[in-house]
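Structure in structure tokens, see below.
The values are calculated or read from the model by the stated rules, or taken from the named source; none is laboratory data. Since the model is a prediction, treat every value here as computed from it, not as a measurement. Cβ coordinates were reconstructed from backbone atoms using ideal geometry, including for glycine residues, and neighbour counts include every protein chain displayed. These accessible areas exclude ligands, DNA and RNA; they are computed on the full protein's heavy atoms, side chains included. Shrake-Rupley method; radii C 1.70, N 1.55, O 1.52, S 1.80 Å.
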Amino acid sequence: MEHIVIIGNGIAGVTTARHIRKLSDKKITLISAESEYFFSRTALMYVYMGHMKFEHTQPYENWFWKKNNIDLVHGYVDQVNPKEKVVTLSDSTSISYDKLVIATGSKPNKFGWPGQDLEGVQGLYSKQDLELLEQNAPNNKVCKRAVIVGGGLIGIELAEMLRTRNIPVTFLVRENSFWNGVLPSGESQMINEHILEHHIDLRLNASLQEIKPDENGRVKSVVIAETGEEIACNLVGLTAGVTPNIDFLKDSGIELGRGVKVNRFLETNVKDIYAIGDCAEQHEPIGNRRPVEAVWYTGRMMGETLAQTLCGNPTEYRPGHWFNSAKFLDIEYQTYGWVFPEKRKTKNELHFHWRHPKQKLCITIAFDRSTQTFLGINTFGIRMRHEIFDRWLTEKRNIDHVVAHLADANFDPEFYRTFESEIVSKFNVQFGKNIQTQKKSLKRIFHIA
Ligand SMILES: Cc1cc2nc3c(=O)[nH]c(=O)nc-3n(C[C@H](O)[C@H](O)[C@H](O)COP(=O)(O)OP(=O)(O)OC[C@H]3O[C@@H](n4cnc5c(N)ncnc54)[C@H](O)[C@@H]3O)c2cc1C
């Protein structure tokens, strides 16, 4: 019976294993170093914040794996030998495979800062990082101040986590506005304000120069490069992005770039070896997507696709329209299609931005200047229906149609109704149009003829 070995039990590896099992009775071995059982990485923050226990982050009961005949090995693979078709673990155990799936995820970036390996300096990625955070920052007596370096999604999560224990936080963001490499300026500005309102000491245009130790080799302070200011702290959170976790493959003969290089079938240059999830790098980016896409849904979609190929139905990875969701403190963010920030948008991309005068709610809709085709939408604090935007993007709908029918896309009609007319009238004024809002229609939403 064919033996499929998967390295990494994150969302990518686990999805592959589950779908292979749905489609076949192949022998499956899932190897992972971090935890015995799969857990949801995106839920780690809620464990520290006391909303759930670690066990609650595990979507499957422990018996699930045995019942589905998926062998779990808790260990670290330090070598892959494609000639012999064998992987070797750090305890020298060897496991041979017929097909190998590399799904080893990411690791937090470290840019060679002086002091980056001191005690009290850490990333936020793994279960072990969470445990370390409990030691480094159990409360505001042990951790009198934390400094977070890097203004992305994980940085703001870490800030939120620490604030729930009343730990003062200084947040160093190199850019002149939060996450403005991804968000258009109106949205980025709203999040700057929201961060400050949550009593987080946000420092824009501030990068880390060095981390200084005390006499016991623990972090004592950080120095800001731009100003030379020294800030005393007991914890430094390094959240300046992630990189594919692939160092162990250096001498394997598998082609590596930033990640493990794959084609559209998620195949590497070595026969019978595949890579998926955060650690995979497309030879050629797909549409506007980045060649390495470190997001949850990507891992899941790649896992489903690869399972098809491995079970005899060769399937290209076609992720469809880009979408994602996240949270900035208590503001929910959703994005569908492409809404680029000023520094990345083309001349033809026009934006319509609406922001509520008092509450932290806003939307930005992108469309093409010449064809008026809808390109994408970002929403903050207003929950939208994925399927509707997906359909409008596929149908290449006109911006007027989208604005007129926004109620169909909204998940929360009571809430939204209040803002609908404001949004449409601002659009009409800005673009000299006369769009009439259309009432929500279940027929349209569910495609009932
Ligand atoms: C705090 C946090 C919050 C996040 N929030 C969001 C979010 O809101 N939305 C979103 O889209 N994404 C989010 N992400 C990103 C998302 O979690 C990742 O994109 C996703 O988990 C990647 O899945 P993966 O299966 O590719 O890899 P991983 O989940 O990293 O799993 C890989 C596993 O392989 C193991 N491994 C690595 N090397 C070896 C080896 N040599 N031998 C054995 N095992 C090995 C690792 O220890 C790890 O357990 C978040 C990430 C973090 C850290």
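Which order, highest average first, do 302-314, 9-21 follow once you tally other Cβ atoms within 10 Å for each residue and take the mean per peptide? It would help to have the intermediate numbers written out before the result.
Values: 302-314: 19.5, 9-21: 25.2.
Descending packing order for the listed peptides: 9-21, 302-314.
Could you tell me which of rounded, prolate or oblate describes the chain, using a ≥ b ≥ c as the square roots of the eigenvalues of the alpha-carbon gyration tensor, with rounded for a/c under 1.5 and, failing that, prolate when a/b is larger than b/c and oblate otherwise?
Verdict is oblate for the chain.
Leaving out ligands and nucleic acids, and using a 1.4 Å probe, what accessible area per residue does the stretch 288-378 come to in Å²? Write out the running numbers ahead of the final one.
Numbers: 4020 Å² over 91 residues.
Value returned for the stretch 288-378: 44 Å² of accessible area per residue.
Ordering Phe411, Phe340, Phe427 by how much accessible area each has at a 1.4 Å probe, largest first, what is the list?
Working: Phe411 105, Phe340 25, Phe427 0 Å².
If we order Phe411, Phe340, Phe427 from most to least accessible, we get Phe411, Phe340, Phe427.
Go through 236-242, 120-126 and give me the packing order, highest mean Cβ count within 10 Å leading.
On the way: 236-242: 23.3, 120-126: 21.6.
Most protected by this proxy first, the peptides run 236-242, 120-126.
A follow-up question, please. From the protein chains alone at 1.4 Å, what is the descending order of accessible area for Glu395, Glu284, largest first? Present the calculation step by step, with values, prior to reporting the outcome.
Details: Glu395 80, Glu284 125 Å².
Accessible-area ranking of Glu395, Glu284, largest first: Glu284, Glu395.
What shape does the stretch 6-161 take by its C-alpha gyration tensor, where a ≥ b ≥ c are the square roots of the eigenvalues and a/c under 1.5 counts as rounded, a/b above b/c as prolate, and the rest as oblate?
prolate
Between the stretch 2-34 and the stretch 214-267, what is the C-alpha centre distance in whole Å?
Using only Cα atoms to place each centre, the spacing works out to 28 Å.
With a 1.4 Å probe and all protein chains kept in place, how much accessible area does Lys26 have, in Å² rounded to the nearest 10?
The accessible area comes out at roughly 40 Å².
Can you send over the solvent-accessible area of Arg290, 1.4 Å probe, protein chains only, in Å² to the nearest 10?
130 Å²
Which order do His401, His74 take when ranked by solvent-accessible area (1.4 Å probe, heavy atoms of all protein chains), largest first?
Descending order: His74, His401.
Under the rule of -39500 (n - 2.57) per DSSP H run of 4 or more residues, summed and divided by the residues of the chain, what mean residue ellipticity at 222 nm is obtained, to the nearest 500 deg cm²/dmol?
Values: 12 runs with 113 residues, N = 449.
Mean residue ellipticity at 222 nm (helix-derived): -7000 deg cm²/dmol.
What do you get for Rg/Rh of the stretch 69-158 when both radii come from the Cα atoms and Rh is the Kirkwood radius? It would help to have the intermediate numbers written out before the result.
Values: Rg = 18.3 Å, Rh = 16.6 Å.
Across the stretch 69-158, the Cα-based Rg/Rh ratio is 1.10.
Sticking with this one: Restricting the calculation to Cα positions, tell me the Rg (one decimal) and the Dmax (whole number) of the stretch 357-449 in Å.
When restricted to Cα atoms, the stretch 357-449 yields Rg and Dmax of 12.8, 41 Å.
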